Amino acid sequence: MRRAAVAIAAGAMAVSLAACGSAKESGDNADSTGSAKKGDDIKVGLLLPENATARYEKFDRVLIEKKVKELTGGKGEVVYANANQDAAKQNQQVDTMVSNKVDVLIVDAVDSKAIAGAVKKAKDSDIPVVAYDRLAEGPIDAYTSFDNVTVGKTQGEALLKALGDKAKDGQIVMMNGSSTDPNAADFKKGAHSVLDGKVKVGREYDTKEWKPENANQNMEGAISALGKDKIVGVYSANDGMAGGIITALKAAGIADIPVTGQDAELAGVQRIVTGEQYMSVYKPYPQEADVAAEMAVALAQGKSLDSIAKDKVDSPTTKAIPSVLVPVVSLTKDNIKDTVIKDGIYTVNEICTGKYKAACDKIGLK
């Protein structure tokens, strides 16, 4: 597992190096979608979808703000707004930033379809838009995220490995993400490509707004419908939902079954240490955030993205969007040191607080 993690991490580093040409190095020719040339005194609008998931405030916002400052010699300003999972509110936030004449927008959409009109409004005002983490619809200029189908495959493969022979006889519950998030559809697609034909899916849910409480209620319904002795594992699309799922499992007296996750949230990593959660998907946020900042600064300064984005992706409304997709890592108790600790996401002390110390000691996390 460690060798696999290191190999994948090396691939991630290669992508990062390919994408690390800064906005200042990206050439002097104006991109056809870029705004008029500006210097370092730019204003970047950053819109994130919610704050229930720990990553957005702890990592994404902080990392993007830091990189923009670095790329602009401290002159660039990031104007921030969080939609608190409200698509209408996010559209209003875009309108406000357009009115305040930001030079570029980075948007992680609450609802990829509902944001399309706001994206068009920005473009009509000559404000380029970077889709961050989720591929928003509308005339997007650039996109960075992770390979989301691979995320689902990684989760599915880990679950099958954990199930072993139990996959032949038992049933699993699939707890997918929100139907308004295009990433959730990709995660589901990837997971099904691995799980179908190898394990029976007893119940499957698209979880409204990714909320742990909704996942908890869905899991309670699945336990009631299937019977607690019939469930051998749970595919959970992220760590927040895994927390709600595990609470429902404990309440029903179900223990020692594998539950997947994603995002390497601190609570998720701690559950992996204790064995309550089998795995998470570690997504190197520093790479994704740095690329988004580089794209945004380049677009605001009217520069080409050619040295930053080597790939192209299509959305339902826009073709050949310049893109960078960052690789991911399957995180289990075997490679915590080689991933989230090595990359400085968490320290051992942050993970191994009092109630987790004995479990940490047992797996050599000191």
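The values are calculated or read from the model by the stated rules, or taken from the named source; none is laboratory data. It should be emphasised that the depicted structure is a prediction, and the values quoted were computed from it without experimental measurement. Cβ: placed from backbone, ideal geometry, glycine included. Neighbour counts: every protein chain shown. Note: accessible area is taken over every heavy atom of the protein model, side chains too, but ligands, DNA and RNA are not part of it. Shrake-Rupley method; radii C 1.70, N 1.55, O 1.52, S 1.80 Å.
Within the stretch 18-45, count every residue that is modelled with pLDDT of 95 or more, in a loop (DSSP other than H, G, I, E, B) and open to solvent by 50 Å² or more (accessible area, probe 1.4 Å).
Summing the residues that are modelled with pLDDT of 95 or more, in a loop (DSSP other than H, G, I, E, B) and open to solvent by 50 Å² or more (accessible area, probe 1.4 Å) in the stretch 18-45 gives 1.
Counting only residues that are aliphatic (A, V, I, L, M), surrounded by fewer than 20 Cβ atoms within 10 Å (Cβ to Cβ) and over 20 Å from residue 118 (Cβ atoms), how many does the stretch 66-87 have? Walk me through how you get there before you give the answer.
Taking the stretch 66-87 first, the residues aliphatic (A, V, I, L, M) are 68, 71, 78-79, 81, 83, 87.
From the residues that got through so far, the ones that are surrounded by fewer than 20 Cβ atoms within 10 Å (Cβ to Cβ) too are 79, 81, 87.
Keeping just the survivors that are over 20 Å from residue 118 (Cβ atoms) gives none.
Residues in the stretch 66-87 being aliphatic (A, V, I, L, M), surrounded by fewer than 20 Cβ atoms within 10 Å (Cβ to Cβ) and over 20 Å from residue 118 (Cβ atoms): 0 in total.
Anything in the stretch 247-262 that is of a type outside the set (A, V, I, L, M, F, W, C) and in contact with a strand residue (DSSP E or B) (Cβ under 7 Å, 6 or more places away or on another chain)? List them, or say none. Lay out the reasoning, then the answer.
Step one: of the stretch 247-262, the residues of a type outside the set (A, V, I, L, M, F, W, C) are 247, 250, 253, 256, 258, 260-262.
Scanning the stretch 247-262 gives 258, 260, 261, 262.
Scan (1) at pLDDT 95 or above; (2) in contact with a helix residue (DSSP H, G or I) (Cβ under 9 Å, 6 or more places away or on another chain); (3) open to solvent by less than 30 Å² (accessible area, probe 1.4 Å); (4) closer than 29 Å to residue 281 by Cα for the single condition residue 157 breaks and write down its number.
The number of the failed condition is (3).
Being part of a strand (DSSP E or B), open to solvent by 40 Å² or more (accessible area, probe 1.4 Å) and modelled with pLDDT of 95 or more, is that true of even one residue in the stretch 46-65? So that I can check it myself, show each step before the final result.
As a first pass, look at the stretch 46-65 and keep what is part of a strand (DSSP E or B): 46-48.
If we keep only those that are open to solvent by 40 Å² or more (accessible area, probe 1.4 Å) too, we end up with none.
No, that holds for no residue.
Pick out the one residue from 136, 122 that is open to solvent by less than 10 Å² (accessible area, probe 1.4 Å), over 23 Å from the mean Cα position of the chain (by Cα) and under 20 Å from residue 49 (Cα atoms).
On the way: 136 fails: over 23 Å from the mean Cα position of the chain (by Cα).
Residue meeting the stated conditions: 122.
Return the residues of the stretch 180-199 that are open to solvent by 30 Å² or more (accessible area, probe 1.4 Å) and at pLDDT below 95; say none if nothing qualifies. Please lay out each step first, then the result.
Taking the stretch 180-199 as the starting set, the residues that turn out to be open to solvent by 30 Å² or more (accessible area, probe 1.4 Å) are 180, 182, 185-186, 188-189, 192-193, 196-198.
Matches in the stretch 180-199: 180, 182.
Does the stretch 196-218 include one or more residues that are part of a strand (DSSP E or B) and under 30 Å from residue 104 (Cα atoms)?
Of the residues in the stretch 196-218, the ones part of a strand (DSSP E or B) are 200-206.
Adding the requirement that they be under 30 Å from residue 104 (Cα atoms) leaves none.
Within the stretch 196-218 (the criterion being part of a strand (DSSP E or B) and under 30 Å from residue 104 (Cα atoms)), the answer is no, since none of the residues qualifies.
Please find, within the stretch 308-357, the residue that is surrounded by the most Cβ atoms within 10 Å (Cβ to Cβ) out of those that are hydroxyl-bearing (Ser, Thr, Tyr) and more than 18 Å from the chain's Cα centre (by Cα). Don't jump to the end; show me each part of the working.
Taking the stretch 308-357 first, the residues hydroxyl-bearing (Ser, Thr, Tyr) are 315, 317-318, 323, 330, 332, 339, 346-347, 353, 356.
Filter again for more than 18 Å from the chain's Cα centre (by Cα), leaving 317-318, 347, 353, 356.
Working: 317: 17, 318: 19, 347: 10, 353: 11, 356: 16.
The selected residue is 318.
Given the conditions (1) at pLDDT 95 or above; (2) in contact with a Lys or Arg (Cβ under 7 Å, 6 or more places away or on another chain), and given that residue 177 satisfies all but one, which numbered condition is not satisfied?
It fails just one condition, (2).
Within the stretch 298-307, can one find any residue that is under 22 Å from the mean Cα position of the chain (by Cα), under 28 Å from residue 107 (Cβ atoms) and buried (at least 24 other Cβ atoms within 10 Å of the Cβ)?
Taking the stretch 298-307 and keeping what is under 22 Å from the mean Cα position of the chain (by Cα), we get none.
No, every residue in the stretch 298-307 fails to be under 22 Å from the mean Cα position of the chain (by Cα), under 28 Å from residue 107 (Cβ atoms) and buried (at least 24 other Cβ atoms within 10 Å of the Cβ).
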